[in-house]
Structure formats: C-alpha cells, structure tokens
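Here the structure is laid out as structure tokens; the discussion comes afterwards.
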Amino acid sequence: MQRLALKEKFGYGLGDTASNIVFQVVINFMLYFYTDVFGITAAAAGTLMLAVRMFDAVTDPIMGGIADRTRTRWGSYRPYLLWVCIPYGILAVLTFTTPDFSEGGKLIYAYITYALLMTTYTAINIPYSALGGVITSDPQERASVQSWRFMLAMVGGALVAAATLPLVEFFGNGNEQKGFQMAMVVLSVIAVACFVACFALTKERENPAKSVKRESIFSDFASVLRNDQWVIIAAITFVLLVTVAMKGGVTPYYVQYYLNSKSSITLFLTSGMLAGVAGAMFANVLTRKYCKVRVMQVASVGLVVVYTALAFVPRDQYALALGLSIASNFVHMILIPYLFSAVADTVDYGLQRWGKGAMAMSYSGHLLALKIGIALGGALTGWILAYVGYQPNEMQSETALDGIVFLYCWASAIAGVILFVLFKFYRLNREWAERDGVLAKEVV
C-alpha cells in the first residue's frame with residue numbers, strides 16, 4: 001500500500017490539464033475551425049483527421065518502447081514532460097493558424113501541422129500516462145490518482161470551453177482566423193506551465209515492469225496484444241472515444257443549428273466540462289466503496305438512458321437539452337478514470353500470468369486505441385455531415401438536423417449498449433479476486 005499526498009495527486013493531474021487544453025480544442029473546435037474558419041470542406045476535414053491519426057499506429061508503439069527503455073536520474077517517464085512541452089505548445093499554435101494559401105496549399109499545411117501536433121502529443125502523453133502506473137503500485141491509489149487526473153483534465157477542458165470563443169472574439173475582433181491563432185497562444189502558454197508543474201510535483205517509484213528483460217519493441221507490443229484483459233479495456237476505450245469525438249465535434253453544430261442558439265455554444269461546452277469534474281470526483285468517492293468494474297457497467301447503462309432521452313428533446317426545449325447534456329458528461333467521466341487505472345492493473349496481470357509486461361507500451365497501445373477512436377469519430381462526423389447535406393453558415397434541412405442529432409445523441413446511446421456487453425468479459429474485479437486468491441488480489 002502506497003498512500004500518496006494530495007499535492008502529488010494534484011501535481012499529476014496538472015499534466016492532463018495541460019494535455020486537455022489542446023485535446024479539447026481538437027475535439028470541440030477543430031472540425032468547426034477547418035470548415036468555417038480555415039476554409040476546407042467537411043469531407044476533406046474528416047478524411048484529414050482520420051488519415052493523420054492512422055499515423056499513430058506507427059508512432060505510439062515506438063514511443064512506448066522508447067519510454068520504457070529511457071533511464072535518467074529523473075526516471076523513465078517524467079523527463080518527457082520537460083523535453084516535449086515547448087514543441088507541443090508551438091505546434092498547437094501553428095495548427096490553428098490559417099496561412100494565406102490556395103485551397104490545396106491549405107490542405108497540405110493542415111495535414112503537416114496536425115500530424116506534427118499529434119506526434120508531439122504522443123511523445124508527451126504516453127510517458128505521462130505511464131507515469132500514473134509507477135507513482136504507486138496500489139490499485140486503489142491508482143484509481144484515485146486517475147480520478148484526480150481527470151478532475152483536472154476537465155478543469156482544463158472547462159478552461160478551453162469557457163475561454164476559447166471569447167478569446168477568439170477578443171483577439172480577432174471579427175477576424176476568426178487571427179482570433180483562433182492568438183487564443184491558442186494563450187492556451188499553449190498555460191499548458192506548458194502545467195506540464196512543468198507536473199514534473200516538479202511528482203515522483204517515479206518502483207516500476208515492476210522495469211526488471212523484465214527487454215527483447216525488442218515488437219516483442220513488447222506482442223506481449224500487450226496477448227493480454228486478453230488489456231484487449232478488452234482497449235476495445236471499450238475505442239468504442240467510447242468514437243462517440244466522444246462525434247459528440248464533441250458536432251456540439252457547435254447541435255447548439256447553433258438544432259437549438260438555434262449559437263451564443264450558447266460556450267455555455268454548453270463549459271457546463272459539460274464542469275459536469276465532468278464532478279463525475280471524476282464522484283468516481284474517486286466510489287473507488288473506496290465499490291468494485292470499479294460494477295460501477296463502469298452501471299455507468300454504461302446510464303449512458304444509454306441519458307442519450308436516448310436527449311435524442312427525443314424538441315428543438316424548443318433548450319433548458320432540457322442543456323440539463324441532459326450535463327448529465328451525460330457526468331456519467332461519461334465516471335468511466336474514464338477507471339479505464340485508465342485498469343491499464344496498469346492489466347500490466348500487473350500480465351506480469352503475474354506470463355512474466356511479460358511493459359507499462360509505457362501498454363499505455364501507448366491504450367492511447368492508440370483512444371486516438372484511433374477519436375480519429376474515426378472525427379472522420380465519421382465530417383463524412384456524415386457531408387452525407388446529410390450540411391451547409392456552413394446556412395439554415396439546415398431536416399435531413400441535416402437528423403444527422404446532427406444522430407451524431408450528438410444516438411451514437412453514444414448505441415455505444416453504451418456495446419460497453420455493457422464488453423464489460424461482461426472483463427475479469428479483474430473484486431469477485432475474481434476472491435475466487436482466484438492471492439494472484440487476483442495482486443491485481444485488483
């Protein structure tokens with residue numbers, strides 16, 4: 001048992017505040033930025049977001065292998081918070097900069113800057129995620145650390161939701177291209193400061209996977225894929241993040257065109273992030289009393305109920321739509337901390353069962369599943385909007401509005417059903433611990 005001070009949990013959480021400042025801009029504003037500000041079509045933007053994320057299939061395992069093999073006086077994972085944070089901030093600004101190029105030139109620029117941004121995200125976020133598995137080896141404390149991580153991640157998300165469009169308006173004064181660029185300058189400075197604070201306030205402790213003899217990066221990745229419990233967690237994360245990207249990407253469209261309230265986009269996004277903070281806090285409380293697998297199963301049912309209700313909200317019921325949207329984010333953020341803490345548990349499970357496990361590689365694979373889910377969700381959002389006839393800055397047809405509601409509501413309700421089924425195959429719960437004795441207790 002390794003109890004951690006609140007200062008260290010808070011410090012670790014600041015790392016995801018930093019990551020989420022850019023991550024939430026990408027999820028909530030990138031598609032809108034590309035179609036309505038930057039000046040490329042929804043279909044082209046959707047394809048771009050998918051194509052770039054496919055590159056992660058190469059970079060993520062490589063970064064996981066590199067991080068697991070890194071040895072410095074600061075540890076294996078913490079140094080990357082310092083080494084990569086400034087390039088990460090610079091590329092965030094460049095990605096949301098609109099050059100004076102032709103349409104083809106803009107598309108090439110978008111591919112290059114977005115690809116480089118995602119590469120630096122990989123280089124800093126995989127070591128950061130692995131750090132959460134070596135701060136402590138106590139599974140209960142791991143869940144608590146991840147709850148703090150996502151509380152503060154949602155604080156970063158709330159900052160993005162509350163500040164992005166006001167900053168765009170303040171700096172742009174009607175010029176959204178300039179406004180987005182300068183808004184990202186401000187947000188990137190905050191992100192860099194949070195990464196530095198995370199480095200200063202955390203400490204790497206014993207990594208059980210460090211003593212495993214390293215053969216090759218390919219061998220590490222193969223051992224992760226062999227771990228059936230890891231595969232289940234990765235599959236759950238993929239399904240969940242497909243719909244998170246759909247909902248996040250279509251939120252500005254839902255509020256502006258379905259609810260006819262463009263001025264409320266910031267309120268929708270900010271209230272959702274604050275609900276996420278509350279959901280992560282609630283998850284931290286539940287960790288002390290209940291089996292986290294049971295909680296995740298119940299939360300997946302909650303997603304089905306809330307999103308199904310949201311799908312039937314009439315266009316003139318703004319307050320009801322806002323309330324159910326807040327509830328959906330609350331339920332969603334109960335799931336996320338447990339999923340990330342479960343990755344470290346599957347590493348312990350693999351070490352006990354086969355003598356194979358690599359912390360950063362396991363998190364790199366998990367983040368790859370997450371990012372492919374986001375990529376596919378973002379691409380599907382662009383493709384579906386194009387298919388249903390969405391036209392920027394115009395009154396939308398009924399078909400287009402139905403497509404927006406599907407992306408915002410029904411996709412997540414369907415995902416909730418799939419998650420509930422997948423959790424039936426995940427064994428690392430308290431009942432499994434009691435049934436299998438010491439081995440299981442090592443993991444749960």
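The values are calculated or read from the model by the stated rules, or taken from the named source; none is laboratory data. Remember, predicted model here, so these are calculated numbers, not experimental data. Glycine also receives a Cβ, built like all others from the backbone with ideal geometry; neighbour counts cover every protein chain displayed. Ligands, DNA and RNA are excluded from the accessible area calculation, which covers all protein heavy atoms including side chains. Shrake-Rupley method; radii C 1.70, N 1.55, O 1.52, S 1.80 Å.
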Looking at Val37, Val26, which is the one that is touching a helix residue (DSSP H, G or I) at 6+ places or on another chain (Cβ under 6 Å) and closer than 13 Å to Thr95 by Cβ? Val37
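Would you list the helices (runs of 4 or more DSSP H) that sit entirely within region 1-106 and hold 2 or more residues that are charged (D, E, K, R)?
Because the criterion is at least 2 residues that are charged (D, E, K, R), the helices (runs of 4 or more DSSP H) in region 1-106 that meet it are 6-32, 56-69.
So that you can scan it fast, the table gives a plain yes or no per residue for (1) more than 20 Å from Phe340 (Cα to Cα); (2) among the basic types (Lys, Arg); (3) surrounded by fewer than 22 Cβ atoms within 10 Å (Cβ to Cβ):
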| residue | (1), (2), (3) |
| --- | --- |
| Val224 | no, no, no |
| Thr237 | no, no, no |
| Leu259 | yes, no, yes |
| Lys262 | yes, yes, yes |
| Met281 | no, no, yes |
| Val285 | no, no, yes |
| Ser300 | no, no, no |
Would you check which residues across region 357-406 are open to solvent by 50 Å² or more (accessible area, probe 1.4 Å) and of a type in the set (S, T, N, Q) and list them? Gln391, Asn393, Ser397, Thr399
Which members of region 287-307 meet the condition of being under 17 Å from Tyr426 (Cβ atoms), out of contact with any Asp or Glu (no Cβ under 9 Å at 6 or more places or on another chain) and hydrophobic (A, V, I, L, M, F, W, C)? Val295, Met296, Val298, Ala299, Val301, Leu303
Those residues of region 307-320 which are in a helix (DSSP H, G or I) and either open to solvent by 20 Å² or more (accessible area, probe 1.4 Å) or among the aromatic types (Phe, Trp, Tyr) (or both) amount to Tyr307, Thr308, Ala309, Tyr318, Ala319, Leu320
All but one of (1) assigned to a helix (DSSP H, G or I); (2) modelled with pLDDT under 95; (3) under 23 Å from Ala245 (Cβ atoms) hold for Gly389, so report the exception by its number. (1)
Filter region 255-282 for residues that are at pLDDT below 85 and either among the basic types (Lys, Arg) or not in a helix (DSSP H, G or I) (or both) and give the result. Lys262
Regarding region 321-336, can at least one residue be identified that is buried (at least 21 other Cβ atoms within 10 Å of the Cβ) and under 24 Å from Asn227 (Cα atoms)? yes
Residues (under 24 Å from Val242 (Cα atoms) and more than 19 Å from the chain's Cα centre (by Cα)) located in region 319-342: Ala321, Leu322, Gly323, Leu324
Applying the selection to region 287-298, what residues are under 14 Å from Leu419 (Cα atoms) and either open to solvent by 90 Å² or more (accessible area, probe 1.4 Å) or not in a helix (DSSP H, G or I) (or both)? Arg294, Val298
Subset of region 140-160, residues more than 15 Å from the chain's Cα centre (by Cα) and open to solvent by less than 20 Å² (accessible area, probe 1.4 Å), comes to Glu141, Arg142, Ala143, Ser144, Val145
Could you tell me whether region 343-356 includes any residue that is crowded, with 24+ Cβ neighbours inside 10 Å, part of a loop (DSSP other than H, G, I, E, B), touching a residue at least 40 places away in the same chain (Cβ under 8 Å) and more than 13 Å from the chain's Cα centre (by Cα)? no
For region 114-138, the count of residues that are open to solvent by 20 Å² or more (accessible area, probe 1.4 Å), assigned to a helix (DSSP H, G or I) and either among the basic types (Lys, Arg) or modelled with pLDDT under 85 (or both) equals 0
Quick one: which residue in Phe195, Phe199, Phe170 is open to solvent by less than 10 Å² (accessible area, probe 1.4 Å) and either at pLDDT 90 or above or touching a strand residue (DSSP E or B) at 6+ places or on another chain (Cβ under 6 Å) (or both)? Phe195
Residue satisfying all of: in region 25-66; within 24 Å of Leu165 (Cβ to Cβ) and among the polar types (S, T, N, Q); most open to solvent (accessible area, probe 1.4 Å) among these: Thr41
Might you let me know whether region 240-247 holds any residue that is among the polar types (S, T, N, Q), in a helix (DSSP H, G or I) and under 28 Å from Leu428 (Cβ atoms)? yes
Need pairs with beta-carbon distance below 9 Å; first residue on the phi > 0 side of the Ramachandran plot and within region 376-391, second among the polar types (S, T, N, Q) and surrounded by fewer than 18 Cβ atoms within 10 Å (Cβ to Cβ); sequence gap 6+ or separate chains. Gly389/Ser397; Gly389/Thr399
